[in-house]
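Comments concern the structure below.
The values are calculated or read from the model by the stated rules, or taken from the named source; none is laboratory data. Note that this is a predicted model, so its numbers are computed, not measured. Counting neighbours? That spans all protein chains shown, and the Cβs are built from the backbone with ideal geometry, glycine included. Accessible surface is based on the protein model in full, side chains and every heavy atom, while ligands, DNA and RNA are left aside. Shrake-Rupley method; radii C 1.70, N 1.55, O 1.52, S 1.80 Å.
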Amino acid sequence: MEKKKKYLDASLDLETRIDDLLEQLTLEEKFLLLRGKDFWTTNPIARLGIPSFGMTDGPLGVAWHSSHRGKHTRFPATIGLAATWNKELAYKMGEAMGKEVRLAGRHQLLGPGVNIIRSPLCGRNFEYLSEDPVLSSDIAAEIVKGLQSQKVAACVKHYIMNNSETKRTKISAEISERALQEIYVKNFKRIIEKSDPWGIMACYNKINGIYGAENQYILREILRDQLGFTGHVVSDWGAARNTSGAAACIKAGLNLEMPGKLLSKVLTPKNIIKALSSGEINEKDIDEAVRPLLRTFFRVGLLEQEESIFTKISDLSEHQELAQKIAEESMVLLKNDSNILPVNLDEVKKIAILGPNAKKVFGKPLQGGSSAVVPPKFITPFEGIRKYVSGKAEIIANPEDADVVFLILGLDHGGNFLKMLFIKTEGDTEGNDRTHYGLPDNQVRLIEETVLKNPNTIVILIAGSPIDCSPWHDKVPAILNAWYPGMMGGTALARVIFGDVSPSGKLPVTYPKKLEDHPAHLSKKRFPGNLKELKIYYEEGIYVGYRYFDKHAIEPMFPFGFGLSYTTFKLSNIKLDKSTIKENDILTISVDVQNTGSQAGAEVIQIYVGDDECSVDRPLKELVAFEKVFLTAGEKKTVTLTLEHSAFEFYSEQESAFITEAGSFTLWAGTSSRDFPLSTKITLIK
Ligand code: BGC
């Protein structure tokens, strides 16, 4: 009997299988693997039993255009997932998406999208997570773990500095080493440490003058050598450039050029052969380029029987329930004068539901760009509320006759994505940034007119980015931010506004009072960039989001971490398990939290650290840990959080490393970045 080839033997360890397969592959077959076959798959190598490896967009579920036009669970936008501050939900969403990726016959989800939300105007904020690297990475790592628990590769994107969309394929992000490391790399660093993602997507833009897909410093020195990434790097679709050519991309550490032959012109067999014959690269470089991709193939079980790979699931109702739960927990109550919310249906009998987003269906093909998931059904806010109140209250058209008005406003993705690549329209979408921080003018007018007709007008925002509330904030009694709440959003919304669920979402981004207060908007060169020079200047450095507002004592409209509830909480009794900390120590912090109101709810305990004395300038405080806790009325719990030594570090440009300095630090425990009932001190010793 013929001996089973080593690479086919799943009982052998990963690297032994890879070594063997590398030996079996011819040079030409290796070239084939380095470039996609078509938009979503790699070339199969039938001779060796290697099927095509299939990818699908992400990151809000399995996208329609990349899954044979399949309908899948449309989860809330991931900025909303981040607003839940609930790591367990992030894992579950990853796991559910992983199952649906397999159902679609793919092996990798092109997500999570983790670019730091540097400006309220970035068109893709809805697909990202937060302005803060700790919140972003903790949520992203759980998505990755959930996906990979299903043997589906994550593809954390877009590495790195793709924090805006304007001229994304040409612009260079100009950034200092410290800011690059301390904010942007840190985000990826923590994701890699916590979840070992099997894939990462290189960005379209340049970083300090060099494109992401051929940037040796970014892709090799930082990603591989510093962060220890073991997975494969795929180019964003069309992001590999012929500026420095095939040799530069291979040397930098690009492992797969997408999207396939038709549009991918860098890692062509011809170019690679040329680079080999000129001596710019050698066969060992080719092996090193192919190796991480093979690692992913084995990790997802690509070479095992297809049958066992594609677990058929017929009932997606569990995933829809999960989508609803995430939506419920994501909603952030921004204002609630005289507790107008929740609306009591024993008293309220006539309800008006107005506004352009009341009946808008999100979930059309390519709406918003590559993240568009087309769901089997979509419950709009109007539909969700109508169903909920049926038999209890009447829906009427005239706000003047209503007991309460729900005014459902916000953004949309600006229409058809493909058209928009040519004719720019306003909206939060891939390929485009917003030009205004505010609501469209007609929506602001609608608020003014409606409030005059009925003062009990509650504004509900459906949008994936911060919205300027200043012009009308004082005119309305309540504002609820529902993000893009996904296919079950209408049902979730009704359960929140009528009080089945107390809101527990917290902002993952700062809402400035005006755009000019925001660190990314102090000049045009910071955002959208100097478009003649094609450079975007990250002059705010490490002072991204709340770090800047705190440093300059600027009052935001709504601070990072903020969100109201229908109940109240009291924090007390902050305790540390030690008074000094040294390298390799884990610090345990505990805080008591009590629900002091009369209904169940959830609070997010947020821990921030500030360095009392340091040789370099540091933010006043930075988020280092958080935990969401659920409490029935009157219930009290002790929340325990742990901090590693890295919670105290900063990036030293002098030493080219993250370091800590001995001395005293303040630890705050609170419920937003501007509300700290508790604090204590710790001394770091060397
Ligand atoms: C986007 C990626 C996406 C890819 C494939 C690109 O334009 O930037 O996020 O995964 O297309 O659709």
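Here are the numbers for this structure:
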{"quantity": "Spatially proximal lysines relative to Lys87 (Cα-Cα < 16 Å; intrachain offsets below 8 disregarded)", "calculated": "Lys145, Lys194, Lys325, Lys506, Lys628"}
{"quantity": "Options Pro342, Pro356, Gly384, ranked by Cα towards positive dipole end of the stretch 317-551, top entry (Cβ charges)", "calculated": "Pro356"}
{"quantity": "Whole-percent carbon and sulfur share, accessible surface of the chain, 1.4 Å", "calculated": "50 percent"}
{"quantity": "Largest-first ordering by accessible area, 1.4 Å probe, given options Glu214, Glu318, Glu635, Glu653", "calculated": "Glu318, Glu653, Glu635, Glu214"}
{"quantity": "Quotient of C-alpha Rg and 2.2 N^0.38 Å, computed over the stretch 348-396", "calculated": "1.43"}
{"quantity": "Förster radius 45 Å - calculated FRET efficiency between Lys524 and Lys4 (Cβ-Cβ, nearest 0.05)", "calculated": "0.10"}
{"quantity": "Heavy atoms of Ser390: accessible area, 1.4 Å probe, square angstrom to 10", "calculated": "80 Å²"}
{"quantity": "Surface accessible to a 1.4 Å probe, Glu347 within the full protein complex, Å²", "calculated": "140 Å²"}
{"quantity": "Residues His552 and Thr425, FRET efficiency given R0 of 41 Å [Cβ-Cβ distance, rounded to 0.05]", "calculated": "0.75"}
{"quantity": "Nearest-10 value in Å² for the accessible area of Val501, using the 1.4 Å probe", "calculated": "30 Å²"}
{"quantity": "Per residue solvent-accessible surface (Å²) - the chain, probe of 1.4 Å", "calculated": "36 Å²"}
{"quantity": "For a label point 7 Å along the Cα-to-beta-carbon line of Lys570, residues of the stretch 626-646 with backbone N under 19 Å", "calculated": "629-639"}
{"quantity": "Rounded FRET efficiency, nearest 0.05, which uses the C-beta distance separating Lys194 from Ser590 and R0 of 25 Å", "calculated": "0.70"}
{"quantity": "Test item: Cα-centred dipole of the stretch 483-586, Lys/Arg +1 and Asp/Glu -1 on Cβ, debye", "calculated": "140 debye"}
{"quantity": "Top positive-direction residue, dipole computed over the stretch 569-685 with Cβ charges, set Tyr608, Asn573, Thr666", "calculated": "Asn573"}
{"quantity": "Tensor-based shape of the stretch 100-153 (alpha-carbon gyration tensor, a/c under 1.5 rounded, otherwise prolate or oblate)", "calculated": "oblate"}
{"quantity": "Highest average packing first - 481-490, 413-422, 359-368, Cβ atoms within 10 Å", "calculated": "481-490, 359-368, 413-422"}
{"quantity": "Potential extension, Leu22-Thr680 segment - 0.36 nm per residue separation minus Cα distance", "calculated": "231.3 nm"}
{"quantity": "The stretch 153-172-the stretch 194-224 distance, computed between alpha-carbon centres (Å)", "calculated": "10 Å"}
{"quantity": "Simple spin-label estimate for Lys364 and Lys274 in nanometres, 7 Å along Cα-Cβ", "calculated": "4.3 nm"}
{"quantity": "Furthest towards positive pole of dipole, Ser371, Ala463, Trp483, structure part the stretch 317-551, Cβ charges", "calculated": "Ser371"}
{"quantity": "Sequence of Trp237, Trp472 from largest to smallest accessible area, 1.4 Å probe", "calculated": "Trp237, Trp472"}
{"quantity": "Cα-projected label distance for Leu14 with Ser317, points at 7 Å along beta-carbon direction, nm", "calculated": "3.8 nm"}
{"quantity": "Span from the the stretch 602-629 Cα centroid across to the the stretch 71-98 one, whole angstrom", "calculated": "25 Å"}
{"quantity": "For the stretch 19-26, Karplus couplings with θ = phi - 60° (6.51, -1.76, 1.60), whole Hz, Gly/Pro x", "calculated": "4, 5, 5, 4, 5, 6, 6, 7"}
{"quantity": "Accessible surface ranking that places the most exposed of Asp401, Asp20, Asp412 first, with a 1.4 angstrom probe", "calculated": "Asp401, Asp412, Asp20"}
{"quantity": "Rounded, prolate or oblate (a/c below 1.5 giving rounded, otherwise prolate when a/b exceeds b/c) for the stretch 569-685 by Cα gyration tensor", "calculated": "prolate"}
{"quantity": "Mean Cα-pair separation over length for the chain, i.e. relative contact order, pairs under 8 Å, 6 or more apart, %", "calculated": "14 percent"}
{"quantity": "Total charge dipole magnitude, the chain, about the Cα centre, Cβ charges on Lys, Arg, Asp, Glu only, Debye to nearest 20", "calculated": "1600 debye"}
{"quantity": "Cβ-based net charge around Gly490, under 12 Å, with every Lys or Arg adding one and every Asp or Glu removing one", "calculated": "+4"}
{"quantity": "Prolate/oblate/rounded label for the stretch 317-551 (Cα gyration tensor, a/c 1.5)", "calculated": "prolate"}
{"quantity": "Length gained when the stretch Ser656-Asp441 is fully extended (0.36 nm per residue, less Cα-Cα span)", "calculated": "72.6 nm"}
